Each structure stands twice: as structure tokens, then as C-alpha cells.
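Here is the structure we will look at, set down as C-alpha cells.
A short reminder: the numbers here are calculations on the coordinates, not readings from a lab. Note that the structure is predicted; figures quoted are calculated from it, not measured. For neighbour counting, all protein chains shown are included, and Cβ atoms are generated from backbone atoms with ideal geometry for every residue, glycine included.
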Amino acid sequence: MKRFFILLLPLILFSSCNAHIGAQQYDVPWWMIFIPTVVFLAAIWYFYGKHLAKKEFVCPICGGRFTPSWYKAAFAIHFNDDRVFTCPHCHHRGFCTPEKKGK
Ligand SMILES: [Zn+2]
């Protein structure tokens, strides 16, 4: 279902390129919709990555704690809160559990 909406998104973006204000119809260039959408999604990704970078992740193998950089946290494969990182202590790559800093 999610994949269906992802495939449908470009169609929705490019089909809604005109605006009706009163009886007038205005054509809106595609980039006036596309660029703000990309900027908005990039801003969400940036702030969510910064939010994730405030957490410490715990390695399941060695128990080492580390803080990932915001872009690695934002782009990491995840399942619920667990994210795939390479542990800087033992170099194990796998799902790491987040914990608040200082616990
Ligand atoms: Zn480790």
C-alpha cells in the first residue's frame, strides 16, 4: 500500500499544476510545487536526523555506546526504533537500540 502511494505521488504532483481562483484558471509551473516539496522533505529529514543524533545507541554484541552523526542516523535502515549501524567499538553491523544520553 505504501509503495502504491509512492508511485502515485509524482502523478498527483504533476497533475495538480493549475489553480482555480474565482473563474480564472492559472497554470502553475511544475517546479513551483516540486521544489518546495523537496525542501520540505529535506528539512524534515534534517531535523529528524538531528533528533536521532541526540540519542545514544547500544551495540547488542559488545554493549558499547555511541552517538551516530545526524546524516547516518537519518539514512539508516530501521525497524521501529532500532537502527542499523556499524559499532565503532567492535565493528559489528546490526540493529542497535537507542537510549537517552546519560543513562
Ligand atoms: Zn559493538
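Table for the structure above
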| read-out | value |
| --- | --- |
| The stretch 74-100: number of residues that are exposed (fewer than 10 other Cβ atoms within 10 Å of the Cβ) and in contact with an Asp or Glu (Cβ under 8 Å, 6 or more places away or on another chain) | 1 |
| Close pairs (6 angstrom Cβ cut-off, 6 or more residues apart or separate chains): farther than 12 Å from P60 by Cα in the stretch 83-103, surrounded by 14 or more Cβ atoms within 10 Å (Cβ to Cβ) and not aromatic (F, W, Y) anywhere | E99/E56; E99/V58; K101/E56 |
| Breaking point among (1) assigned to a loop (DSSP other than H, G, I, E, B); (2) away from the ligand (no atom under 16 Å from the Cβ), for C62 | (2) |
| Test for G63: is it of a type outside the set (F, W, Y) and exposed (fewer than 14 other Cβ atoms within 10 Å of the Cβ) | yes |
| Close pairs (8 angstrom Cβ cut-off, 6 or more residues apart or separate chains): of a type in the set (K, R) in the stretch 45-65, part of a strand (DSSP E or B) and within 16 Å of the ligand (Cβ to nearest atom) anywhere | K55/P98; K55/E99; R65/E56; R65/F57; R65/V58; R65/E99 |
| Qualifying residue in the stretch 67-75 (condition: out of contact with any Leu (no Cβ under 8 Å at 6 or more places or on another chain) and either within 16 Å of the ligand (Cβ to nearest atom) or under 30 Å from N18 (Cβ atoms) (or both)) | yes |
| When residues of the stretch 26-62 are limited to those that are charged (D, E, K, R) and touching a Lys or Arg at 6+ places or on another chain (Cβ under 9 Å), the one farthest from T97 (Cα to Cα) | K54 |
